[in-house]
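Participant: Structure provided below as structure tokens; questions to follow.
Read-outs: derived from the displayed coordinates by stated rules, not from any lab. Given the structure is predicted, the values throughout are model-derived calculations rather than measurements. Cβ placement follows ideal geometry from the backbone for every residue including glycine, while neighbour counts extend to all protein chains displayed.
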Amino acid sequence: MIPHREGGCVRKRPWAWVLAILIMLLFSTAGCGRSYSGKKSPVASSGIMDLRDWDFNSDGPVRLSGEWEFYWRQLLNPEDFNGPGMPVRTAYISLPEYWSDFHVNGEKFPVMGYATHRLKILLPEKYGSLAVRNTAIATSFRLFVNGNLVRHGGVVGRDRESSDPDYEPGVSPLSLKGKEMTIIIQVSNFDNYHGGVGEAVILGNKDDLLSEWGKLVFIEVFLFGCIVIIALYHLGVFLLMREDKSPLYFFMLSIAIAVFNQFSGELFFYKLFLKDMGWAFRFLIVNLSLYLFVPSMLMFIATLFPGEMNKRFIRVTWFAAVLFAVVALVTPTYIYAWTFAFFLLYLLGSLTYSFYCLVRAWLKKRQGALIMLIGFIFFLVTAIIDTLSYNNIMPFYTMSNALGLFIFICSQAYLLSGRYALAFHAEKRLARELGSKSEELMVKNVALDRDIEERIKTEKELENTRNFLNNVFNSLSSLLISIDAEGKITQWNIAAEKYTGVSAAQAKAKSIWDVIPFISAFRDDIEKVIGTSQPVELVRLAVDINGQHYLNMTVSPLVFDHIHGAVIRIDDVTELEMKEEQLRQAQKMETVGTLAGGLAHDFNNVLSGIIGTVTLLKYIIGSDMTIDEEIREGLDLIERSGNRAAQMVQQLMALSRRHEFSSVTVDLNAVVKNVMDICSNTFDKSIFLKPEYSKESASVKGDPAQIEQVILNLCLNASHAMTIMRSPGERQGGVLSVIVKKITVDQHFKKTHPQAKADVYWVISHGDSGIGIDPEIRGKIFDPFFSTKDKESGTGLGLAMVYTIVRRHNGFIDVYSEPGVGSTFNVYLPENNEPDAREDDRRETVVRGEGLILVVDDEEIIRKTAANILKECGYDVVTAENGSSGLSIFRDRFKEICAVLLDMAMPGLSGQEVYAEMRKIDPNVRVLLASGFRQDSRIEESLKMGINGYIQKPYSMIELSVMVKKIIG
């Protein structure tokens, strides 16, 4: 009911009800079609219907109701009734009726099966153009008239596999001759909860049936469009006003009704757009729309009339609807169709309860209850009318149920519109009242606004000033703390909060000596500033704050409102101090490296004389059996010592960064043994060395000097962990074990060691019983310049160098350590299966030759050693002490000289410059370059210039003879 305002009161309009009821009655009769004589329709008896006294023009269409011949489990064609042997009839069955509701000898036919229905009709003398109209035949059928197939739905079969259901209502024009006609209907059902002819077949004038069918289609389409438009309108209302859920439930209710009518009536839109989806899809949509209808209707009523419906009942109906829907979605049609009987009980109970709630709401005079109750009753009445028509109690099929649903929808839309109209009028009234009150308040507030405006302005300026000062105070990265004369904290900025972990609220009014304990050491300085009003600046203060930190602290006097105090500014410069320390350490290492490089070069020159001479002597006396064995052993000792010294020089060159990575085959057993020899002579005697070597050759690819450096560094760290790093009074010493072993990588190892790329690794395990490593710093031990030792004991570069060298060798390290127990460093290096080319070189003998060799070197020892070796090998030798002298000799005798042994680094002209001048004299000159440095970028550049070969000092007789012979060719 929509009220309207008139003269300041609300007046109802009862004539609107009368008009609405008249419209409903007019719509309810819209499906009755044209009027006929009202003559009672004949009924078939024993398979025959007599229509000889029936006039189709005046009496109208006739329902073919009554007794039809029934042939159970027989699919008979028209020709089967024309032969000599007539089919055996099962019974006469009254149509319309599903065969599952029919009894023969007290027994019911099963729902699933197939059968043939047959009726003979006696026609009047004149009948014009006739047609038949069929509706519900479940679930597949073929309709024959006088032997002609006039309509079929789906595929009729004798089992589920051979049949295909379909719903095919419609009008079929007939072409008849004679005074009789025979109708045969083959029906099969294996999918629905009932089978057979559920609604009577109608025979009548073709134009009447087509006209009536057209009206039904028009009404169906019209109702569908109207309901969908109403539904979409209310969906839009809900989207705009989501706090009210009634438009949403009304939308759901309307969509359910629209879909149900469209998919269960004449199927206009279904045949037009969804025909290919099949009967099962249509049947599913019909059932789902029914499942949605009930809870939507209940929720709609409950929303309009809160408190009238039991919430538990609504939840049960929703649960039941969802359960029905789930069964329909997950099971085949022939299974969930059987739930329809339970759904009818569920529907009947829900409608009854809804009617009860509406009556109760009407009795309570709830707004809109009456119009909704009338629409609900109209819907129930039209449903009863269609039920009577369906059971032949009324003379002809109507669209009353669809129209009833439409009127029900319209009544609810009218109800919602009325509610919104009331809300709109109430809103307008409240808006006017609110506007009036607002004007009064505005007048009263003007004076108040003037009074407080100045105060607000003043407070705002003060607040802005305070905020500005606070922003400045808190934006500084330095710790800013203000204290009074007694050391109580008065201000505490954000930087102080972050640094100390103490909030300003916790710090204020407390003693600074308690909040920041380390500042107590400077209490005298701070109190002096407060007493004398003279600032103090303290730099690079070393304090212990979970480790050593360096601070700069400035203390300035503060006098405010005759109260004396101080402002303390603290800056943590630990990182800056560490970087400066790293820079000083790096500069120190660079200086050491430069000195080490020069020493290494000089040592190599000295060692060249020793190693070259001793290998020459060994060669000379090699076949002389008169030489004492002790002399031979002495020469061997000198050679081994010289080679060992050469390796040490290589380590010095690595320190000077002049040592480039050299990849050769290395036996880890030999490297570990060398390191153990060094450790046994240098480590504290309280350390027990426990090496374990592999029984097979532990062959890896790499630089022997760098690998030895790794092992030595780890052993040195282990030694320190067991001696100088122990606490005072703690027992010194322990066990240092170095184990060489081989492992084969499996999937578990790869998961725990993602760095592992090779299949086999040699592992050098360094274990000690030292102080161990704290878990908090274990991740930093390989960082450059990180050290837990005293400055005098460590640089923080040892483990960084170890890590870099191991990674360069395609290996990795893992560490296990337990404080107070010890540490184990495992170095993994991939196994090398390639043969050692150096072993072949070592097995080579002295290669003899002939020709003139020019030796150019500024070191006399080198010149004499090289000349003696080459002469012993069969060559003639001429020497030069510098580059200028060498060029002079070469210029005079280049045609005689077969090769030149040229030193890389000489005073005056360098080796590169000498070679460039020699090429100008003889472009084909053969030069062997010698240097005390390992092969680096300068030597690579010289080789690219055209120099034929390179030999590193110190060299043996065999190495020199082989290289000279190689470049001569």
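Participant: Ratio of Rg to Rh for region 852-968, alpha carbon only, Kirkwood?
Facilitator: 0.91
Participant: Report the calculated FRET efficiency for Arg523 and Leu689 (r = Cβ-Cβ distance, R0 = 56 Å), to the nearest 0.05.
Facilitator: In this case the efficiency is close to 0.60.
Participant: What full-extension length gain, to one decimal in nm, is calculated for Arg455 and Asp892 as 0.36 nm per residue of separation minus the Cα-Cα distance?
Facilitator: Gain on stretching Arg455 to Asp892: 146.5 nm.
Participant: Give the value in nm², to one decimal: projected area of the alpha carbon convex hull of region 664-830, averaged over all directions.
Facilitator: Projected area, direction-averaged: 9.8 nm².
Participant: Would you mind getting me the FRET efficiency between Ser58 and Asp159? Use the beta-carbon distance for r and R0 = 35 Å, nearest 0.05.
Facilitator: 0.15
Participant: What full-extension length gain, to one decimal in nm, is calculated for His549 and Asp783 as 0.36 nm per residue of separation minus the Cα-Cα distance?
Facilitator: Difference between extended and current length: 82.4 nm.
Participant: Another one. With an 8 Å cut-off on Cα pairs and a minimum separation of 6 or more residues, tell me the relative contact order of region 852-968 in percent.
Facilitator: Averaging sequence separation for qualifying contacts and normalising by length gives 24 percent for region 852-968.
Participant: Could you list log10 I(q)/I(0) for region 474-576 at q = 0.10, 0.12, 0.14, 0.20 Å⁻¹, which the Debye formula gives when each Cα is one point scatterer?
Facilitator: -0.24, -0.36, -0.49, -1.04
Participant: Which of the lysines could a cross-linker span from Lys108 if the Cα-Cα distance has to be under 29 Å and same-chain partners fewer than 8 positions apart are dropped?
Facilitator: Leaving aside lysines fewer than 8 places away in the same chain, those within reach of Lys108 are Lys120.
Participant: Testing the spin-label approximation: label points 7 Å from Cα along Cα→Cβ at Leu430 and Lys275. State their distance in nm.
Facilitator: 5.5 nm
Participant: Which distance in nm do the two modelled labels at Lys179 and Val322 give, with both placed 7 Å along the Cα-to-Cβ direction?
Facilitator: 6.8 nm
Participant: Just to be sure I understand the model, the point goes 7 Å from the Cα along the line to the Cβ. What's the resulting Glu577 to Lys673 distance in nm?
Facilitator: It is 5.0 nm.
Participant: How would you order 149-160, 78-89 from highest to lowest mean count of nearby Cβ atoms within 10 Å?
Facilitator: Peptide ranking by packing, descending: 149-160, 78-89.
Participant: Hey, with R₀ at 30 Å, roughly what FRET efficiency would Ala485 and Asn464 work out to, going by the Cβ-Cβ distance, to 0.05?
Facilitator: 0.45
Participant: Considering only Cα-Cα distances, which of the following residue pairs are longer than 29 Å: Lys895/Lys966; Lys871/Lys895; Lys579/Lys944?
Facilitator: Table pairs above 29 Å Cα-Cα are Lys579/Lys944.
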